[in-house]
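Notes to accompany the following structure.
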Amino acid sequence: MHCPYCRHTDTRVLDSRVADDGGSIRRRRTCSACERRFTTVELMQLTVLKRSGASEPFARDKAIAGVRKACKGRPVTEDELACLGQAVEDALRLAGAAEIPAHEVGMAILGPLRALDEVAYLRFASVYRAFESADDFEDEIATLRAERTQPVPTG
Ligand SMILES: [Zn+2]
């Protein structure tokens with residue numbers, strides 16, 4: 001990594017710290033030419049394993065593309081979608097695995113999406129969990145209602 005001040009290519013690490021519960025590493029560096037200091041953050045590259053067997057780097061926009069469709073016509077803002085994408089990425093990073101099966105990305109979306117908009121959640125869940133009949137919707141709605149009447153434990 002080159003120096004952001006003078007573009008010199010030789011920099012030295014002064015200090016490394018694990019941050020974000022182990023999800024990233026911050027390094028304090030100094031440039032051997034101009035001696036100015038700067039900080040870099042190293043993030044683990046998350047890889048999504050697709051059902052086809054192919055893998056691709058995790059991309060937040062791609063991950064929430066299905067959510068965006070499910071939110072069509074719902075009072076969900078771009079900001080809220082961005083926050084959801086962030087929450088999903090944070091959850092996946094916290095889980096600590098470098099490779100994530102695509103269905104686990106979907107699983108990580110369900111919780112925050114349900115909190116955001118129940119209609120969008122039902123739409124997304126119907127595609128993602130392959131609802132096959134109206135009964136599947138009724139079961140899911142019954143679960144939503146049952147859980148709404150009970151205080152949800154927070155952890
Ligand atoms: Zn420099």
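The values are calculated or read from the model by the stated rules, or taken from the named source; none is laboratory data. A quick note: this is a predicted structure, and the numbers were derived from the prediction, not measured. Because the Cβ atoms are built from the backbone with ideal geometry, glycine has one as well, and the counts that use them run over all protein chains shown. Just the protein is used for accessible areas: all its heavy atoms, side chains included, with ligands, DNA and RNA removed. Shrake-Rupley method; radii C 1.70, N 1.55, O 1.52, S 1.80 Å.
Got a number for residues in region 1-51 being under 24 Å from Gly85 (Cα atoms), at pLDDT 90 or above and among the polar types (S, T, N, Q)? Residues that pass the stated criteria total 2. For region 48-134, the helices (runs of 4 or more DSSP H) that sit wholly inside it and include 2 or more residues that are touching a Leu at 6+ places or on another chain (Cβ under 9 Å) and closer than 26 Å to Leu144 by Cβ are 65-70, 78-95, 102-116, 118-128.
Quick one: count up the residues across region 1-50 that are touching a Phe, Trp or Tyr at 6+ places or on another chain (Cβ under 6 Å) and away from the ligand (no atom under 16 Å from the Cβ). Summing the residues that are touching a Phe, Trp or Tyr at 6+ places or on another chain (Cβ under 6 Å) and away from the ligand (no atom under 16 Å from the Cβ) in region 1-50 gives 2.
For residues that are touching a residue at least 12 places away in the same chain (Cβ under 8 Å) and of a type in the set (Val, Ile, Thr), scanning just region 47-84, find the one that is surrounded by the most Cβ atoms within 10 Å (Cβ to Cβ). Per the stated criteria, the residue is Val67.
Can you tell me which residues in region 1-28 are polar (S, T, N, Q) and in a strand (DSSP E or B)? Correct list: Thr11, Ser16, Ser24.
Every condition in (1) in contact with an Asp or Glu (Cβ under 9 Å, 6 or more places away or on another chain); (2) aromatic (Phe, Trp, Tyr); (3) modelled with pLDDT of 95 or more holds for Phe58 except the one numbered (3). Here Phe131 clears all of (1) surrounded by fewer than 14 Cβ atoms within 10 Å (Cβ to Cβ); (2) modelled with pLDDT under 90 except the condition numbered (1). Of the residues Ala95, Ala142, the single one that is open to solvent by 50 Å² or more (accessible area, probe 1.4 Å) and touching a helix residue (DSSP H, G or I) at 6+ places or on another chain (Cβ under 9 Å) is Ala95.
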